[in-house]
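Comments concern the structure below.
Laboratory data are not the source of any read-out in this text; all were calculated from the coordinates shown. Owing to the predicted nature of the structure, the values given are computational and were not obtained by experimental measurement. A quick note on method: Cβ atoms are made from the backbone with ideal geometry, for glycine too, and the neighbour counts reach across all protein chains shown.
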Amino acid sequence: MVQILIDVHCHINLYLTIDQVIKNACDAGVEKIIAVAMSSISQERVLEIARRYNEVYASLGIHPEEVKMNEKIEQQLDSIIDFIRNNNQKICAIGEIGLDHHFVKNKELYPIQKRIFDKMLLLAQELNLPVNLHTKGAEKTVFDTLPSYNIPNINIHWYSGPEKFLNLGIDRGYFFSITPAISYSPAVKKVALKVDKEHLLLESDGPVKYSGSVGVPAMVKNILNSISMLKEINSDELERQIEENTRRIFPKIF
Ligand SMILES: [Zn+2]
């Protein structure tokens with residue numbers, strides 16, 4: 001069986017050279033990339049990129065930092081939800097959604113962020129789609145909120161919060177995607193070590209920078225190798241397992 005690598009979380013609309021990024025990914029064996037939307041304008045852009053490139057699959061949603069970038073976001077929300085609903089057939093997940101109390105310092109924005117998050121979770125439940133979650137600094141509220149919704153599967157992206165909620169996520173069977181930060185971050189290493197191999201996924205979160213270099217989907221090959229060494233699991237076996245995990249959580253990309 002031919003194995004493939006998948007980048008489950010990439011902001012592909014933010015690269016200047018998408019052709020090259022995708023070509024380099026394919027050369028590294030990364031054949032599928034989930035493009036996650038963030039802002040109101042990125043929804044259509046992500047769909048357009050997914051239409052143009054066979055390797056790219058769209059995930060739509062409103063990022064928690066949007067509340068500080070766009071003061072009209074709450075007024076735009078219903079039309080964004082309609083847009084996502086109308087394009088249900090073309091998307092594999094709802095994301096990047098969640099809460100952020102780390103990069104968003106202004107506490108007055110937290111209630112708006114929470115209302116948007118609840119509407120996004122309700123939409124995922126309605127469309128029966130998995131979610132791609134950002135939890136930075138707001139782990140408790142996110143973990144308290146999730147059981148109120150009936151969502152097929154949960155992907156916690158780049159988890160770096162308290163161990164208590166990591167353990168809770170593991171108990172609840174959530175999937176955790178590992179970024180290139182595994183090369184230097186003790187928090188990310190801990191996630192890769194503690195989460196069983198049946199619940200690990202790979203992501204670039206590109207174009208976020210890692211030690212000064214721009215994150216790209218091709219990097220997920222190195223993440224796989226790092227996890228393989230850390231967990232002492234043969235890299236072929238781990239690659240096969242992670243592909244299977246990805247099929248389980250994001251069946252629409254296969
Ligand atoms: Zn992201």
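Can you find, among Ser185, Ala35, Ile84, the residue sitting farthest towards the positive end of the charge dipole of region 5-253, where Lys and Arg contribute +1 and Asp and Glu -1 at Cβ?
Highest projection toward the positive end goes to Ser185.
Along the positive direction of the dipole of region 5-253 (beta-carbon charges: Lys, Arg +1; Asp, Glu -1; about the Cα centre), which of Pro251, Ser59, Asn24 reaches farthest?
Farthest along the dipole direction, towards plus: Ser59.
With a cut-off of 8 Å between alpha carbons and a minimum separation of six or more residues, what is the relative contact order of region 194-254 in percent?
Contact order relative to length: 34 percent.
Between Asp27 and Glu71, what is the label-point separation in nm under the 7 Å Cα-to-beta-carbon projection?
4.6 nm
Roughly how many nanometres apart are two label points built 7 Å out from the Cα toward the Cβ at Asn88 and Arg52?
It is 2.9 nm.
With N residues in the chain, what two-decimal value do you get for its Cα radius of gyration over 2.2 N^0.38 Å?
Compared with the compact-globule rule of thumb, the chain sits at 0.93.
Sort region 119-238 into rounded, prolate or oblate with this rule: let a ≥ b ≥ c be the square roots of the eigenvalues of the Cα gyration tensor; rounded if a/c is under 1.5, and if a/c is not under 1.5, prolate when a/b is larger than b/c, oblate otherwise.
In terms of gyration-tensor shape, prolate.
Short version: ³J(HN,Hα) in whole Hz for each residue of region 144-160, in order, from phi by Karplus 6.51 cos²θ - 1.76 cosθ + 1.60 (θ = phi - 60°), x for Gly and Pro, what are they?
Computed from phi, the couplings for region 144-160 are 6, 7, 4, x, 6, 10, 9, 10, x, 7, 10, 10, 8, 8, 6, 6, 9 Hz.
Is region 203-248 rounded, prolate or oblate when judged by the Cα gyration tensor, a ≥ b ≥ c being the square roots of its eigenvalues, rounded requiring a/c under 1.5 and prolate requiring a/b larger than b/c?
Taking the square roots of the gyration eigenvalues as a ≥ b ≥ c, region 203-248 is oblate.
Which residues' amide hydrogens lie under 5 Å from the amide hydrogen of His9, considering only partners 5 or more residues apart or on another chain, with H built in the peptide plane?
Sorted by chain and number, the residues that satisfy this are Ile34, Ser204, Asp205.
Explain nothing, just the number: relative contact order of the chain, from Cα pairs under 8 Å at least 6 residues apart, as a whole percent.
Relative CO of the chain lands at 21 percent.
Calculate for the chain the 222 nm mean residue ellipticity that helices alone would give, adding -39,500 (n - 2.57) per DSSP H run of length 4 or more and normalising by residue count, nearest 500 deg cm²/dmol.
-13000 deg cm²/dmol
With θ set to phi - 60°, apply the Karplus curve 6.51 cos²θ - 1.76 cosθ + 1.60 along region 58-73 and write out the HN-Hα couplings as whole Hz, x wherever there is a Gly or Pro.
8, 10, 10, x, 9, 5, x, 7, 4, 4, 8, 8, 9, 6, 9, 4
Loop-only check: which GluC sites (Glu not before Pro) in region 42-91 are DSSP coil with at most 12 other Cβ within 10 angstrom?
Those that pass, being in a loop and sparsely packed, are Glu71.
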